[in-house]
Amino acid sequence: MDKTIRDFCETYGVERKQTNSVKWDGLSEKFSNDQLLPMWVADMEFKVPKQVEEALMNRVAHGAFGYSLVPDSYYEAFFAWQKRRYGVLLKEEWLRFSTGVVNSFFWIVQGFTQPNEGVMILSPVYYPFYDSVEQTGRRLVVSDLIEKNDRYTMNFSEIEEKIVKEQVKVLIHCSPHNPVGRVWERQELEQLMAICAKHEVLVVSDEIHQDLTSHNHPAVAMLSLGEQYHSHLIVLNAPSKTFNLAGLLNSHIIIPDEHNREIYDQYAEKVNKAANSTLGLVAGEACYRYGEEWLSQLMAVIHSNHQYLVQALAAFPKVKVSQREGTYLAWIDLGGYVPASELVKFMEEECQLAVDYGEWFGKGYDTYIRLNLATLPKYVKEGVDRLVTQLAKRQEK
Ligand SMILES: Cc1ncc(COP(=O)(O)O)c(C=O)c1O
């Protein structure tokens, strides 16, 4: 194993069983057996960068945890990160804080649409996108991504047709995309924004995975496309996916248009009375300040884990693994060997693995699984080896 990867895993790798981890200790909520090897929910077995741990320790040593303001130093660190990596120039007045990106899009859907109005999503996609439409009584409008040679693209003509026909008001977009692993190119995002602006659709761009991309696929931030789209755009991002901070409940809602900020603020007044997360802010700031080297090492681990997976599955020509340009998730179709009706049994009884099932992400994906690769190589090896062993038995049949 490469020395950087070994060093990173030795320094930051951590066991999480029996630490009240949803991923490790919350299996029984979704799966038949709580002893499965967890390769599902998107968080990791890595500790935060050392400087971040130190910043948290210092803040904890202070001992008082009353309501917190967002310090100027937080904005500085976050804005410098966005400028350096994505060429985005943020302004303090654009920013709102939230306890999580999922909460944020639930609020935006409700603040910017009325019950029964159309909200579009592009399937397959992170399943809370569906919930934010269906559980709030809005009308779900779906356009399927198009898959060709294990790579997905948007169906622009269908998107525009449905926007018009179904009178879509909001489109929730995942960029980079969970689960299919696409890092959308500038030209694709421009085409999407142009369609949405033309038809007065507000785009909610969930960019929580934007830092987790491979070298040759840098993420394009929607806000870098230009001011002409600002009145039709709200961006959601956070340090939480990148740096494994989800439990610290700190994320951003970026609203570059003043009128949209008024609408949001009026709605948020009714639902978001939470203060800022004191420790979330401390951790986030330190990550943006000191986390870049840690992140590049993490991406090397993910790349190597993904290579292990792809090489192992190459022995099974009927398994389809999506081309991963970003995220730390692998999107895999096992349908050539395992029928949909047997997928749960295959994964949980035969492989003893907990994965996200494709059907959670959209209709037509019931032979797919999503595997989380942001973990120690020993777990990826164990998980992939189990998968391969059981697939081999199926192949022989
Ligand atoms: C696309 C996407 N959005 C949002 C989230 C969750 O964000 P939060 O924990 O801030 O609600 C995830 C988690 O995996 C995700 O993949």
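Quick notes on this one:
- Reported count of residues in segment 298-327, each being under 19 Å from the mean Cα position of the chain (by Cα) and either more than 22 Å from Val180 (Cβ to Cβ) or away from the ligand (no atom under 16 Å from the Cβ) (or both), is 8.
- Number of the condition not met by Val204 [criteria: (1) of a type outside the set (Asp, Glu); (2) near the ligand (Cβ under 10 Å from one of its atoms); (3) in contact with a strand residue (DSSP E or B) (Cβ under 7 Å, 6 or more places away or on another chain)]: (2)
- Subset of segment 120-137 (residues that are in a loop (DSSP other than H, G, I, E, B) and either under 14 Å from the mean Cα position of the chain (by Cα) or in the same structural domain as Gly362 (by TED's automatic domain parsing) (or both)): Pro124, Val125, Tyr126, Tyr127
- Filtered residues of segment 113-135 (kept if touching a residue at least 40 places away in the same chain (Cβ under 8 Å) and either over 16 Å from Leu171 (Cβ atoms) or in contact with a Phe, Trp or Tyr (Cβ under 8 Å, 6 or more places away or on another chain) (or both)): Ile121, Ser123, Pro124, Val125, Tyr126, Tyr127, Phe129, Ser132
- All positions within segment 223-247 that are within 14 Å of the ligand (Cβ to nearest atom) and in a helix (DSSP H, G or I): Ser240, Lys241, Thr242, Phe243, Ala246, Gly247
- Screening segment 159-168 for residues that are surrounded by 15 or more Cβ atoms within 10 Å (Cβ to Cβ) and free of Cβ contacts under 8 Å to residues at least 40 places away in the same chain and picking the one that is farthest from the ligand (Cβ to nearest atom) gives Glu160.
- Output for segment 51-75, where each listed residue is free of Cβ contacts under 8 Å to residues at least 40 places away in the same chain and closer than 16 Å to Phe97 by Cβ: Asp72, Tyr75
- Scanning segment 248-283 for residues that are outside any helix (DSSP H, G or I) and either in contact with a Ser or Thr (Cβ under 7 Å, 6 or more places away or on another chain) or within 16 Å of the ligand (Cβ to nearest atom) (or both) returns Leu249, Asn250, Ser251, His252, Ile253, Ile254, Asp257, Asn272, Ala274, Ala275, Asn276, Ser277.
- Yes/no for Val141 being assigned by TED's automatic domain parsing to the domain that holds Leu279 and more than 16 Å from the ligand (Cβ to nearest atom): yes
- Screening Leu90 on (1) within 16 Å of the ligand (Cβ to nearest atom); (2) among the aliphatic types (A, V, I, L, M); (3) touching a Leu at 6+ places or on another chain (Cβ under 9 Å) shows it passes everything except condition (1).
- Unique match (being out of contact with any helix residue (DSSP H, G or I) (no Cβ under 9 Å at 6 or more places or on another chain) and either aliphatic (A, V, I, L, M) or more than 16 Å from the ligand (Cβ to nearest atom) (or both)) among Ala55, Ala64: Ala64
- Among the residues of segment 335-379, the ones that are closer than 26 Å to Glu147 by Cα and assigned to a helix (DSSP H, G or I) come to 10 in all.
- As a summary of the residue check, Asn216 satisfies the conditions (1) in contact with a Phe, Trp or Tyr (Cβ under 8 Å, 6 or more places away or on another chain); (2) surrounded by fewer than 22 Cβ atoms within 10 Å (Cβ to Cβ) except for the one numbered (1).
- Taking the conditions (1) within 23 Å of Trp331 (Cα to Cα); (2) touching a Ser or Thr at 6+ places or on another chain (Cβ under 8 Å) in turn, Val235 satisfies each one other than (1).
- Whichever residue in segment 169-179 is among the hydrophobic types (A, V, I, L, M, F, W, C) and closer than 21 Å to Gly364 by Cβ and, among such residues, is farthest from the ligand (Cβ to nearest atom): Leu171
- Only listed residue being assigned by TED's automatic domain parsing to the domain that holds His230 and touching a strand residue (DSSP E or B) at 6+ places or on another chain (Cβ under 8 Å), chosen from Phe156, Phe105: Phe105
- Sole residue being away from the ligand (no atom under 16 Å from the Cβ), in the same structural domain as Met154 (by TED's automatic domain parsing) and not polar (S, T, N, Q), chosen from His209, His217: His217
- Residue check for Ser296: within 26 Å of Leu27 (Cβ to Cβ), part of a helix (DSSP H, G or I) and either assigned by TED's automatic domain parsing to the domain that holds Ala374 or not polar (S, T, N, Q) (or both): no
- Qualifying residue in segment 310-321 (condition: buried (at least 19 other Cβ atoms within 10 Å of the Cβ), in contact (Cβ under 8 Å) with a residue 40 or more places away in the chain and in a loop (DSSP other than H, G, I, E, B)): yes
The values are calculated or read from the model by the stated rules, or taken from the named source; none is laboratory data. Quantities reported herein were computed from a predicted structural model and do not represent experimental measurements. Ideal geometry is used to build each Cβ from the backbone, glycine not excepted, and the neighbour counts take in all protein chains shown.
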